[in-house]
Each structure stands twice: as C-alpha cells, then as structure tokens.
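What follows is a set of notes on a single structure, which appears directly below.
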Amino acid sequence: MKEEKEKQNRSPHILSTSANLLGFCFIVLTSVKISKLSESSYIDEGAALAIIIFMSSCILSFLSMRSSTTRATKMEGFADILFLAGLIVLFITTMLITFNIIK
C-alpha cells in the first residue's frame, strides 16, 4: 500500500520538474540564437529534442495524475523514462555550449 502511494506522488514531481526544465530549454535555445555560436546547429537540435522530450514527459505525467486506471502507472513510468532521457540530452547540449564558449 505504501509503494502505491509513493508512485502516485511521483507524477506531480515529474510534471513540475519537467515543466521547469522545459523553460530552461527554451532559454538555451533563445540564447544560442542570440549569441550565434559556431556549433549552434548541434546545440539547436539538442535543445529542440530536449523540448520535445520534456513536453512529452509533462503530458504523460499530467495524464497519469488525471487517470485512475492501471494505465496511469504505465504512463507515469514512461514519463519517468522520458524525463531521464531529457536530462541526458540536456546534459549533452549543455556540455556542447560549455566547450564551445571555452574555445
């Protein structure tokens, strides 16, 4: 019973954090466009991919909170996986920005 309650409490955390990181990705994308970095095509693509992943994670976590069926657990798990994938893409994109500025 305790595990089920913990799983139900994970969706709001995924939703709020994904939404915050989604905003961060938009800031990264805007910053790259303004600064006109030489490696901007890779950074643009990474930020755009992260935006799509975080938006999908937000939608799935929201739907899992609104649903009371067994599909809610599957949606929450998939939102969790997408969130981790978005973090990895965002990390790689951030490293590209960092190494490009250092050069």
Legend entry - Nearest-0.05 FRET efficiency for Lys36 and Thr70, computed from C-beta distance (R0 35 Å): 0.10
Inset, instruction - Per residue of region 83-99, in order, report the coupling 6.51 cos²θ - 1.76 cosθ + 1.60 (Karplus, θ = phi - 60°) as ³J(HN,Hα) in whole Hz, putting x for Gly and Pro. - result: 4, 5, 4, x, 4, 5, 5, 5, 4, 4, 4, 5, 5, 4, 5, 4, 5
Inset, instruction - Sort largest first and round to whole Å: the equivalent ellipsoid semi-axes of region 22-102, each the square root of five times a Cα gyration tensor eigenvalue. - result: 31, 11, 7
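Report the gain in length on full extension from Ala85 to Ile27: 0.36 nm times residue separation, minus Cα-Cα distance, nm rounded to one decimal.
On the way: separation 58, 0.36 × 58 = 20.88 nm, distance 1.90 nm.
Fully extending the segment from Ala85 to Ile27 adds 19.0 nm.
Each reported figure results from applying straightforward, stated rules to the coordinates on display, with no laboratory input. What you see is a predicted model; the values in this text were computed from it and never measured. Note that we place each Cβ from the backbone using ideal geometry, even for glycine, and neighbour counts take in every protein chain shown.
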